[in-house]
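Data block below; observations after.
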Amino acid sequence: MRTDDIRKSYLDFFKSKGHTIVPSDSLVPKDDPTLLFTGAGMNQFKEKFLGRNVTYRRATSSQKCLRTGDLDNVGKTSGHHTFFEMLGNFSFGDYFKKEAIQWAWEYFTKVLKIDPERLWASVYKDDDEAYAIWRDVVKMPERKIMRFGEKDNFWPSEAPTKGPNGPCGPCSEIFYDYGKDVGCKKQECTPACNCGRFVEVWNMVFTQFDRQPDGKLKPLPAKNIDTGMGLERLASVMQGVKTNFEIDIFTPITGEIRKMAKGLGAGSEAKVKAIADHIRAVTFCIADGVMPSNEEHGYVVRKLIRRAMVHGQDIGIKEHFLYKLVSTVCEVMGGAYPEVKEKREEIAQIIKREEESFFSVISTQLPKVEEAFGKMAKDSSSGALAGMAFNFYDTYGMPYDMLEDIAEKFDLKIDRGAFEKLLESQRERSRAKTKIKGEIFSETFAKKVEALGLKTEFLGYEKAHAEAKVVAVLEGGEVILDRTPFYGESGGQAGDWGKIETPSGALEVEDAKKIGNTIVHIGKILRGKIAKGETAKVSINEEARKKTAANHTATHLLQAALRKVLGEHVHQTGSLVDTEHLRFDFTHMKKMEDREIARVEELVNEWVKASVAVHKKIEDLASARREGAMALFGEKYEDKVRVVSIKDVSKELCGGTHVDNTKEIGLFKITSESSIASGIRRIEAVTGRAADEWIAMRAEEVKKRLEAEELREKEKKASRERLDKAASGIDGLLAKAKNAGGVKIVAEAIEDLNAEGLRALSDMIKAKENLAAVVLAAKSDGKVSFVVSITEALNKKGLNAGDVAKEFAALLGGSGGGKPAFAQGGGKDPAKLDGALKNIAEIIAKKLK
């Protein structure tokens, strides 16, 4: 049975049991600071498990998941993966243990037609209710129902004794028996044995408790069901193979890797499997908008790419190869996930660039590692070596395995324990930075707002003013209304500004945020105090709204123009629109050329001038997608969506506020284009009056630059003329010069020359006279500047310009110095200049005797 068929049969089965089929969430959970990646099917239903926003009571899904906790085991065991799919069925206060167990059994034995003799079950040791259902309802023999402790059959593992606090409950698992010829081959072998004969295929979590801070398990008012079953593992059972890497969605990938390999020896098979796993993970991460980087999600993607490349080198693949596997992954997975197929070329290019970058890192850092380890071999401690290895690993991306191999060349051994401690410290810093908490359901401000269960009706598409009821006033003075024209910050659009007035107080709203179904108004009190239950007059700042709307509609036109100029690979990865400007992040592999930026700008302005109507309407999600409406990838949409259309130019799913006609945008001007990550570019732009002001400001800047350049040119010309005038008198200066034994000593004050002019004039004098010592000075702004220049022939006789400059400066109450051939300086007393020039001529003459 094909993996695609298994997935479909599972979803169809639970649909027949009244479950809503919910599409897989993104690999990057939206609005959930407790997770870096989606690691289980239940993640997207957390709010429903807490009884919030429950729009359906039963759900089923096949969820894309990513876990890296067992990264070192990937490829070495039959079933460890980073990326995998988890089948799940969920109940939010609806059915419970009996139905969950019965339906699991029905699906296995009736739909998949698995031999009941092959199936065993386990329950939590104290869960007599689940035990009885298996024994009395399913009719499973008692010898095949195992009782395990809280480590194996409670979620989270060991929660009763170790926590964390929050929803938890006992589990029941179903095991598949590969038969007595597999594993330890002992007659008494059961799922308690780790020999490999039994494999867990389904885990049902009965979420019935809320663990309290004192460790007590308080029964939940509404009990939930959370089940999970690895699709790949189930497919291996159904396809009669012993490892997940032998199923139909893996063999085309591993087959391509083997074709590329130049030498498959001992241990090679594990590396082939690991590469296949990692390229699937990377492909889906990039498709969900995660780009390789050194931060958070992107760090994981970069790490997987680099691990896969090292594995490739170990099996003889020395060139860039991962990007070539993307097409195979997309072909295999594209039926269930068409978005990866659509973005195939873009994903491949991003991976190829990352491969090129890593080869560059290796070529640069490998010699440095060898040099550093070579020095360590002479005098080192294991701790110091671990620290150095970690620095190369963490800062430069050198793989640990490669570092270990290099260490062995110098008879060194990296202390893995010390290395792991440093790695864990780095992870802790990352968790702190990303606010990943230990609690399963963190009580952030957003969670506290959602816990109120308040729903704000948004009136802002049609109204700028309204009357509303104050339904809550939070500790910080934030106000929640039952209805509001204020747009709450979401989808990259900033919140509205305005005012809320009640009989007892007034609030100047400086921001509004959308949290779940609630819009929170944030600002400062202007008078009195706003109280819960009051009727309020609510008004937004309409001028600010118009500016934001213009910028938002402009982003839609910008994306359309970018796709037209750069290609269909362009997809939005992020945006920000407010009253001041717009920012748009998009997928593109290289810096835009000036002509491309100009053409994009030109297209947007053409559409603006065409005065095209902007239509907004509510449609079914499926219908909107069929009609080509673009969606922000990774964004979660309801069944009903708002579609913003601009004739045949743009059609996007968008809940933001927009103008009614493109002419309202006014002039569109791109102010910058830059890179923010590998394969991600950012454009910033302004519209309307802000664009006019930006252009005017730039024009003024250009004008000032031109005026300054013109002034500099005039000064240069004047300087040249002054120098030419001074140069015309060189013969006269030489004629007046003091003669000391055939050496001309020119010591003169020159009018209207700066230090640069004095130097140029001294060079001209030396060009005419082989034996010359030149001291030229000029007065300016109450000070004296001077140069001393000595011909080469006099340098050889021991006359030093630097020494002369020091003595001359002393005569002027200043300082000076320089090299033997040329020196310069300044003086503070211009009145002494004439006398100083006479004296310095005498001083030089004495030095020449």
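The values are calculated or read from the model by the stated rules, or taken from the named source; none is laboratory data. Fair warning: this is a prediction, and the values are worked out from it, not measured in the lab. Virtual Cβ from ideal backbone geometry, glycine too; neighbours counted across all protein chains shown. Ligands, DNA and RNA are stripped out before the accessible areas are found, and what is left, the full protein with its side chains, is counted by its heavy atoms. Shrake-Rupley method; radii C 1.70, N 1.55, O 1.52, S 1.80 Å.
With percent of Cα pairs over 52 Å apart in mind, check [x] 24; [y] 32; [z] 39 and report the label derived from this structure. Calculated percent of Cα pairs over 52 Å apart: the matching label is [z].
Could you name the lysines whose alpha carbon sits less than 17 Å from that of K368, not counting residues in the same chain fewer than 8 places away? Leaving aside lysines fewer than 8 places away in the same chain, those within reach of K368 are K378, K409.
Rounded to the nearest Hz, the phi-derived 3J(HN,Hα) couplings of segment 318-326 under the Karplus curve 6.51 cos²θ - 1.76 cosθ + 1.60 (θ = phi - 60°) are 9, 9, 5, 9, 4, 4, 6, 7, 4, where x marks glycine and proline.
Computed FRET efficiency, Cβ-Cβ of K537 and L423, R0 56 Å: what is it to the nearest 0.05? So, using R0 = 56 Å, E works out to roughly 0.45. Rounded to the nearest 10 degrees, the inclination of helix 400-409 to the longest alpha-carbon principal axis of the chain is 70 degrees. Summarised in one figure, the compactness ratio Rg/Rh of segment 287-327, Cα atoms and Kirkwood Rh, is 1.03. Under the combined filter of DSSP loop state and at most 16 neighbouring Cβ atoms within 10 Å, segment 633-737 retains these chymotrypsin sites (Phe, Trp or Tyr not before Pro): F633, Y637. Computed from point charges on the beta carbon alone (+1 for Lys and Arg, -1 for Asp and Glu), the dipole magnitude for segment 528-653 about its Cα centre is near 300 Debye. Placing +1 on each Lys and Arg Cβ and -1 on each Asp and Glu Cβ, with no other charges, gives the chain a dipole about its Cα centre of roughly 1200 debye. Relative contact order of segment 600-753: 16 percent, from C-alpha pairs under 8 Å at least 6 residues apart in sequence.
For the chain, the mean residue ellipticity at 222 nm estimated from helices alone is -12500 deg cm²/dmol, where every DSSP H run of n ≥ 4 contributes -39500 (n - 2.57) and the total is divided by all residues, rounded to the nearest 500. About the Cα centre, and with charges only on the beta carbon of Lys, Arg (+1) and Asp, Glu (-1), how big is the dipole of segment 232-361? Nearest 20 debye, please. Here segment 232-361 has a charge dipole of around 420 debye. Placing a pseudo-label 7 Å from each Cα along the Cα-to-Cβ vector at D594 and D692 gives an inter-label distance of 2.8 nm. Multiplying the residue separation of K375 and N53 by 0.36 nm and subtracting their alpha-carbon distance yields 109.7 nm.
Accessible area per residue for the chain is 47 Å², calculated with a 1.4 Å probe on protein heavy atoms, without ligands, DNA or RNA. Projecting the Cα atoms of G757, L412, M238 onto the dipole axis of the chain, where Lys and Arg carry +1 and Asp and Glu carry -1 at the beta carbon, places G757 farthest toward the positive end. Using R0 = 56 Å, the C-beta based FRET efficiency linking E580 and A845 works out to 0.20. Sequence-distant contacts, meaning Cα pairs under 8 Å at least 6 residues apart, place the relative contact order of the chain at 7 percent. For the pair D401 and S157, a Förster radius of 41 Å applied to the C-beta separation gives a FRET efficiency near 0.85, rounded to the nearest 0.05. Placing unit charges on the Cβ atoms of the charged side chains and taking the dipole of segment 637-717 about its Cα centre, the candidate lying farthest along the positive direction among L667, L711, A690 is L711.
Taking trypsin sites (Lys or Arg not before Pro) across segment 123-212, the ones in a DSSP loop with at most 16 further Cβ atoms lying within 10 angstrom of their Cβ are K125, K139, K151, K180, K185, K186. Cross-linked pairs K8/K139; K271/K318; K17/K98: Cα-Cα separations exceed 19 Å for K8/K139. For the chain, the longest principal axis of the alpha carbon atoms and the long axis of helix 268-287 meet at an angle near 80°. All C-alpha pair distances within segment 663-738, sorted into 5 Å bins from zero, spread as 4, 12, 10, 10, 9, 9, 8, 7, 6, 5, 5, 5, 5, 4, 1, 0, 0 percent across the bins.
Computed with a 1.4 Å probe on the full set of protein chains, the accessible area for C189 sits at about 10 Å².
Can you work out D for segment 709-849 in µm² s⁻¹ from Stokes-Einstein, where Rh is the Kirkwood radius over C-alpha pairs, the temperature is 25 °C and the viscosity is 0.890 mPa s? In µm²/s, the coefficient is 164.
Computed on segment 260-347, with alpha-carbon pairs under 8 angstrom and 6+ residues apart, the relative contact order is 35 percent. The accessible surface of the chain, taken with every protein chain in place and a 1.4 Å probe, is 49 percent carbon and sulfur. Per residue, the convex hull spanned by the Cα atoms of segment 1-122 measures out at 140 cubic angstrom. Take 506-512, 456-462 and order them by the average number of nearby Cβ atoms within 10 Å per residue, most first; the result is 506-512, 456-462.
Stretching the chain fully between D415 and L35 yields a gain of 133.8 nm (0.36 nm per residue, less the alpha carbon separation). Distance check, please: which entries in K151/K216; K796/K838; K97/K448; K714/K783; K262/K421 exceed 27 angstrom between their Cα atoms? Over 27 Å apart, Cα to Cα: K97/K448; K262/K421. Shape of segment 446-519 from the C-alpha gyration tensor: rounded (a/c under 1.5, with a ≥ b ≥ c the square roots of its eigenvalues).
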